[in-house]
Structures are given as structure tokens and as C-alpha cells.
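One structure is given below, encoded as C-alpha cells.
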Amino acid sequence: MPDTGRRDTQEKGFLNHMADKEQRPGRSDHAGKLMPQAEKKLQEAVCVLLVELCERFTFFGIVCNMILFCTAKLGYRSHQAAMVNMCFVGTSTLTPVLVGWLAEYLVGRTKLVCICMFLHFLGTALLPVVSFPFEDVYIDRRHILLTLPKREQKIVFYFALLTASLGIGGIRAIVCPLSAYSLEDCGPKELLSFFNWFHWLVNLNSAVVFVSISYIQQSVARNLGFLIPFVSGLMAMITIHMIRGEMIYKPKADSSLLTTFGVIFSALKTCCVRHRYFSIAVASWLDHAKENHGGHYSETQVEGTKSLTRLFPLFTFQILYRTCIMQIPSGYYLQTMNSNLHFSGFVLPVAAMNVISIVPLLILVPILECVNSWLFSSKNTGHSPTIYIVVGHFSAALSVMVAGFSEMHRKHFPQVEQTLSQEVLLVSSMPCFHLAPQYILLGVAEALVTPSCSLLSFWLVPERMRGISMHFLALFNGAGCFMGALFVQTAHAGTQGSWFPHLLHEGKLERFFFFLASLMMVNTLGFWTIAHRYNNMHEDCTNEFRGNLPGEKLLKHEKAIKCYNAVLESSPILSPVEKT
């Protein structure tokens, strides 16, 4: 029997050796086929990135001087213009979630992306209709007045903003989703590096927009300013058309936003009913939604939702932070517009001050890359980016507080006349560069918070829930934009225009900033008290979430059985007779 077993082993080894020889040429052919596929993947990634940058170019081109346009051309009050800008940003943040749901359930992805491209084109094409000076038309040397009434002008303006935001949502959700960058196999170090450099590129693009488009809109050819977002959107559509649908990413069948909401509502409903009549001990209140506890959802769906709800405190503390970030295109913009923009005989664009908030981010990202490489390579350090979020939140609170002191300082300067977009404004003679510290602090906050929060939202949930987690992060960020608009309206109405005045030298805008800074400081302390949850929820906790899912438990058991069989086959203790 031992000789027979040894002979069988030798024959198996010989056959395996011959099979390896026969497969070697096939492997080289397979490697040859992988080369064009790799080139195609690279081309798709480059195209997705180009469309992403074109879309951001369009978005920032619309946002950068909207307040000046609303106040100078549409006759809005300052607080109304700030609210319009923040609501547009919030809508553009929420529409990817809506369009993603439509693409998944109601409309096909290809059909919907064509609709969104048309809406984007329509919105960016209608904006020049609002901004173009119809009274300056000459035909056969005759001056013809073609004035568009203010009411119709505002209707066209709002319709253009709505269609543009829907188009932006379609591009972000279907053409350029985060899953199109193939991040499934990346670890936390690689993910944080990706988010850092991704936001670095987006902000570099926005810096170009704020300098170039804002100057064109304000000074050189202000009436063609809104044509530039139209051209940028046209470039994005041409890029999509060039690859004939190859860019349209088709995600895997995953958990949906409706399933997540269904699990939560089902658990709440069952919880209330059983609390009223009878109670059953469960590990988590979400377990009431499981089928084996009387619910309607599988264990996989409930466990995924449980991992997501652990991130809700993190998302909630981002709302007020996003409200502070929204001061750049609202309160800070009004401060800059009411300051002296002259510099060496040159009138600076108002939105160009936003570049000051972008420069710290462009400088900090390479430095943070080096720091992260050292922290993640350290064996004894369980690195978590929550410390970045705490410091970033504190920097945002400090920025808004500095803005309050800057507003008090600005009022001590005498007033001078300044012409912006053919409108003569009475502004403070304080140079606008005195406002630089508040912009720099918010830039530091963005460099620390946004990539770190994206990493936690992406990494601390099972792979099948990552898209839903990023959708929830977008929902809470959009809520922060709308909360900023609500704060402005409440402050203006509650103080009869004193805390957010139309003419800043006649009001107390600094009180609004101090109030927001105090709220943000409380928000920072609140997040600091719960940050330890996400320190523990790093790699070990992520594995725990994934191990709770039944499918992944089965895979683990299969691997254990295979490992056990391998040990039996290679064990020198057992004889061949005992193995058989």
C-alpha cells in the first residue's frame, strides 16, 4: 500500500508538470491580451477625469460671481443673493443622489445620461440669455432696445439654474461616480491618497476658474462670462460622445438607498409595536427588521445598514461644518465685495479671493501625503484620520470668528466709491487682502476634513454599502448648504436685517459670524467626544462588519475547510492508509 500511494503521487506530479508546460504559452497569450485591456482602462480613467474636471469647471464658473450678478443685474438684496448661491450649491450636491436612484430603478443609464446632458446644455445655454445686455443691440447703425423684463429674467435664471444642477447631478452620478475609479481593492492608505489628490485636482481646477472666469465676467467681457460655463459643458459632452458610451460606468448590483431607508423604517415600526405590546431582546434595534425577528429584510441587508448607521454621527457633525464652508461664496464674498479691490492700479475680481483659500490646500496635500505614509507604515500606530477632522473643524470655527473681527476692523476704514460690473458701490477703503486669514483657515479646514471624511465613509462599511455611504455623505453635505441658507434668512428676518444687512456698513454682520463660530465650536467639541468610535473602527472593526454578513461567513468557512484539507494532505504524522 505505501508503494502504491507513492507511485500515485509520482504520477500526479508528472501530470501536473506536463499541464504546467502546456499552459505556459497560454499564459503569455493571456498577458498579451491584458495589454490592450489595460490601455483601455487607462483611457477610460483619463476620460472620466477630464469630464469630471470639465463639469467642475462649469459648476465653479456659475457659482463664482453669482452674488455679484444677482445684486447688480437682478436687483436682489445681499442676503437673497447669498441664499440663491447656497441653494444652487446644495441642489447640485443632492441631485447626484436623485439621479442615481432614477438610473437604478426608473430610467436606463444610457437614456438618463443623454437627458442629463441635454439639461446641462440647456441650463448653461440659457444663462447667457439672462446676462446678455439686450439694450446694447445695434442693427443698421440704429440703437435698438430689447430689454427683458425683470420678472421674465428671473424666471429664465431660476429655470437655467435648475436644469444645470440636474445636468450636473447626472454627470456626477452616472458618468463620474466614485466607483468608476476602481477603488475596491485599495487599502486605507491608498484610499486616503486618492481622496487627497482627487480633491487637489478639483481645487486646482477651481483656482483656474476663480481667477480667469471671474475676471472675464467682472471686467473684460462680463456679458460673455456665462458663455464660458456653456463652452465647458459642451467640452464635457464632446468628450462623452467621443468614446461612444464606454465612459458610462455600470455598477454592480448593490444595496440601494431605498433598501437602507426601508430597513430603518421597518426596524422603527417593529420596535414601536413590540415596545407597546411585548418585547424581545435583540442586540441592536435594527435587528427588528430581520426576517427571523418578524421583519421583511435579510440578515445581509440589515447588517450592512447597521454598519452604515454607525457613521450617522459623523455625517451629522458635517452639516454645520458645511454651513461654515458655505460662507466663502456668501458672507465672505460680500465682505470682499465691500472692501477695496484695487491693487497697484488693477481691480481684482471678487471671486479671485477664493484662490487664497485654495492655496493652503494645494500646499498641504503633498505634506499630508508624506505624513500619512509615515503614519500608515508605523506598525505600532493605529492611525485614524479623525484627528484631521477635529483640527479641521476647529480651523473652520476659528475662520468664522476671525471673519467677525475682520468685519469690525473693516468698518474703521473710510468709505470710497468702487465700480463693479458697471455699478458704483460705496465700500470700505480697507484692502481686501486683510481678509486673507479667514480664507486661509477655511482652506486648511478643507484640506484636512474632506479627504478624511470621504475615507471614513468609504472604508468603514462593507464593500457592497460603499456607494450608499457616499450618497448619505452627499445628503448631509447638501443639508449643510440649505442650513446655511436657512441661517441667513433667519438672521435677516429675526434681526430686521441687522445681522445680515444689504449694506454691510449699516448692519452688524460680525454678530452673525460670531454666532456661527460659537455653534461650530460646540460642534467641534461634540465630534471630539465621539471621535474615539472611529479610531476603533479602523481595519479590525471593518473586518468585523464584513464578517457579520452571511455570505462572507460562508466564504470564511470554505477557506477554513480548504486549509484543513491541505493540512491533512501535507501532514507527516498520518500514513497514506490512514488518509484514505
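The values are calculated or read from the model by the stated rules, or taken from the named source; none is laboratory data. Because the structure is a prediction, the values reported are computed rather than measured. Using ideal geometry, Cβ is built from the backbone for each residue, glycine included, and neighbour counts are taken over all protein chains shown. For accessibility, only protein heavy atoms count, side chains too; no ligands or nucleic acids. Shrake-Rupley method; radii C 1.70, N 1.55, O 1.52, S 1.80 Å.
Some notes on this structure:
- For the pair Leu258 and Leu106 in one chain, pulling the backbone fully straight at 0.36 nm per residue adds 53.4 nm over the alpha carbon distance.
- Surface accessible to a 1.4 Å probe, Glu506 within the full protein complex, Å²: 130
- Scaled against the 2.2 N^0.38 Å expected of a compact globular protein of N residues, the Cα radius of gyration of the range 385-456 reads 1.48.
- Reciprocal mean inverse distance between Cα atoms of the range 386-543 - Kirkwood radius, Å: 18.1
- Pairwise label distance in nanometres, Thr495 with Ser344, each label 7 Å out on the Cα-Cβ vector: 3.8
- Sequence-ordered 3J(HN,Hα) estimates for the range 113-130 from the Karplus curve with 6.51, -1.76 and 1.60 and θ = phi - 60° stand at 5, 5, 4, 5, 5, 5, 4, 5, 4, 5, x, 6, 7, 6, 4, x, 4, 6 Hz, glycine and proline given as x.
- Calculated P(r) tail over 14 Å for the range 437-513, as whole % of Cα pairs: 73
- Taking only protein heavy atoms and a 1.4 Å probe, the accessible area of the range 304-405 is 73% carbon and sulfur.
- Other-chain or far-sequence residues with amide H under 5 Å of Leu425's (modelled H): Gln418, Thr419, Leu420
- With q set to 0.17, 0.20, 0.21 Å⁻¹, the log10 of I(q)/I(0) for the range 328-475, from the Debye formula over equal scatterers at the Cα positions, is -0.97, -1.18, -1.25.
- Inter-label distance, nm, simple model (7 Å from Cα along the C-beta direction), Trp528/Val371: 1.6
- Rounded Å value of the spacing that divides the Cα centres of the range 294-313 and the range 482-516: 41
- Here the calculated FRET efficiency for Ala436 and Phe312, from their Cβ-Cβ distance with R0 = 45 Å, stands at 0.80, rounded to the nearest 0.05.
- Under Karplus coefficients 6.51, -1.76 and 1.60, residue-wise ³J(HN,Hα) of the range 431-447 in Hz, glycine/proline x: x, 5, 5, 5, 8, 4, x, 5, 5, 5, 5, 5, x, 4, 4, 5, 5
- The range 288-351 shape via C-alpha gyration tensor axes, a/c threshold 1.5: prolate
- Two-site label geometry, Glu44 and His505: point separation in nm, points 7 Å out along Cα→Cβ: 5.9
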